[in-house]
Structure formats: structure tokens, C-alpha cells
Amino acid sequence: MGSASVQRSAAVLVWTPVLLAQPLLDRGQGPDLLVSVLLVALAAAACAVSVLDSWPSPRARTALACTVLVAVVTLGSTQWSSWAPAWLLAAMTAGVALRPRVALVVVPLCALLAGATTAHLGAATEAVLTQAFVVALAGTTAAVIGRLVATTEALRRTRLQLADLAVEQERDRVARDLHDVLGHTLSVMVVKAVAVRRLVRADPDAATRHAQDIESIGRTALNQVRDTIHNTSAPTLRDELAAADEALSSAGIEVVLPDVVDPPQVADEPLAWALREAVTNLLRHSVARRCRVELTTSGDRCRLTVADDGTGGRGGASRPPGGHGGLVGLRQRLEAVGGGLTVTPGSEGFTLTAWVPTKEPPR
């Protein structure tokens, strides 16, 4: 049982011995005492079942127990005036245990029955009205406290769920960014290492330059990991185009880049991620000789297309379209800003097209 349930139950159950003690104290000795003990025990049990069984939501057994409680209090209060305080317990139990719409009917009914039984025993009009008012007030107060406790518990659960969601989203962001950043950087380092191995005897100076590039890229990767963890950097399309030109050229791939690079600000970062992922996949999975990068803006969309003449969709060397982890993360990035992604492997190469709106989507 949670703390909210304990607080809610205690708001009513703590009053059970207080409000049901008077019928026992006034009975004295004889048969009336036995009857009072039985009725008080039944009322206390019905109250406990009603309150404890109603969390987190009332059930049929809750309504039955509440009905038994009201019936017992009605029976006792029509016979003995000492049962009048028990109506407070009945009203509070109904206010806490029953659904709001049902309690809206039962609490006033308890107030009316309390007034009627008080009048039945010959009490003055003022006493009858006071009894009805006090019972209605007690039931209403208990209902408000019950709803407040339930709302507080719901807010607590929601806060925990939001915290868990925030942690999960941050974990996904770090994983996606590390994949995109390190996947690209390590692919370039592999290309450079292959060039070093190929040139170390034929052209030592060129091999040395590539080795220096590997060192520089490694240092850059360390900074990129730090920036990714702290979410302090974002790629730009102009920088990624320059990096793509260098990486692909080092791999012996002819690159055709767009003449004008001036995307809208809202499209710059998402398309930079798209270009990085496309180049990473090309270096890893393709045996292309030529790659073409196009950047176009038409209407309300800015579109980036990366096409190569590599293995495309043939055999095991092809790059998996929708199921690749990097492409899945890229699609999530683009959809987050209202864009989209299409990948088209074919017999003559592989084409990746990413688009984003030129204006920020409404929130």
C-alpha cells in the first residue's frame, strides 16, 4: 500500500473508534450491549472494507460495503440517539470510497437520513438541521481530501514517468549522436589508414600526410565525444560538405558538390546530419567511384540528395535501407523537425534523399 493510500485511508479510519464508541458506552449491561457490539463491529468492518478496497479505484465490493455501513447506521440511529455521530463516519466513508458522481448522491442522502433519524427520536428542529449540516460538511470535506490525495498521487506518478522519459530520450540522443559522430569519424580514419598502407612504400610523404590526418581526426573525435555528451555542438552543412569532399576524395571517390550552399537556418543542422550519415554509409558499404550531392529548395521544402554509383542494392555489400541503425536515427531527427527521409538502393547505385521544411513547424 502506497503512502497516498495510507493517507487517504487514515483520513477516515482514524475516526472509526471515536465515532463508534458512543453506542457502546451508552448501552450499559444486558441484551442491548450485545446488539450494540454486533452493530458497531459490522459498521467498523464495512467502513474498513469500503475505504481500503476503493484504492486506486472503487469496485462493486466497495459499493456493497458502503451500503451495509449506511444500513447499519440507519438501523442504530433509529433506535438510539447515541448512534448520531456514526452518520459522520458514514458520510466520510462515502465521500472517500465512492466515485465522485456516486458520492455526490450518497453524501447528501446520509445528511438527509441523519436529519430524519434525529427528528424520529424527537430532537428539536435546530438540532435536526445542525445534524444534517454537520454530516454533509464532513462527507464533503472527506471527498475533497480524497480527491486531493488521488490527484497528488497521479501527479507524482506522472512526474516519475516524465523523469524516466527524459532520461530515456537523453540516452537515445547520446547514442544517436555518438553513432553519427564516431561512425563518420572512424570511417574516415579507416579510409586514411588504408591510404597510408597503400602509399607507405610508393609515396612515403603522402603516407605521412595521411598519418598526420589520422592523428588530427583522432583528436577531433575526442572533442566531438565531449561535445556530444554535453550537447554543446551541432554540425553545419557547409562544414559537412567540406568534410565529405576530403573523406571521399581520400577514398578515391569523385565528388560533385552543389555550387551554392545557402539552406534556411532551420534546415541547416538536420541536412548536415543527413549528409554525414550518407557519407558514412558510402565509405563503409559502397564500392562507388562517383558521388553526387545536390541541394535544392522548392516551395516550402529544402531537399538534400546524395547519389552514388556503387553496389546499391546488390548482394551483401548493399547498405540496408530502413533497418540500418544510423538511418533510423536520421529519420527520427528529420521527423522531429517535420521532415522526412527516403533511401533508394538500386542496380546502379544508392540514393539518399532528406528533406525538411523551410520554416519551423508549429508547436
### Summary
For the chain, longest principal axis from Cα atoms; helix 325-336 axis from its Cα atoms; angle between them, nearest 10 degrees, is 60
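Based on other C-beta atoms within 10 Å, arrange Met92, Met189 from fewest to most. Show your work: numbers first, answer last.
Numbers: Met92 29, Met189 18.
Listed from fewest to most nearby Cβ atoms, that is Met189, Met92.
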### Task
Compute the acute angle (0 to 90°) between the alpha-carbon long axis of helix 237-250 and the principal axis of greatest extent of the alpha-carbon atoms of the chain; round to the nearest 10°.
50
### Extension gain from Gln212 to Val167, taking 0.36 nm per residue of separation minus the Cα-Cα distance
12.3 nm
### Summary
When the charge dipole of the stretch 18-110 is computed with +1 on Lys and Arg Cβ and -1 on Asp and Glu Cβ about the Cα centre, the Cα farthest towards its positive end, among Leu104, Leu39, Thr93, belongs to Leu104
### Query
Pick from Val96, Val135, Val260: which residue has the top mean-square fluctuation in a GNM of the chain where Cα pairs under 10 Å get a spring?
Val260
### Query
Excluding Ala243 itself, what net charge comes from residues whose Cβ is under 14 Å from its Cβ, given Lys and Arg +1 and Asp and Glu -1?
-4
### Query
Which length gain, in nm to one decimal place, applies between Leu25 and Asp239 when the Cα-Cα distance is subtracted from 0.36 nm times their residue separation?
68.2 nm
### Task
May I ask for the angle, rounded to the nearest 10°, between helix 16-25 and the longest principal axis of the chain, with both axes built from Cα atoms and the value confined to 0 to 90°?
10
### Query
If you compute percent of Cα pairs over 39 Å apart for the structure shown, which of (1) 59; (2) 11; (3) 50 do you land on?
(3)
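No lab work stands behind these numbers, since they all come straight from the coordinates. Predicted model, so just to flag it, every value in this text is computed and none were measured. Cβ atoms come from the backbone with ideal geometry, glycine included; neighbour counts cover every protein chain shown.
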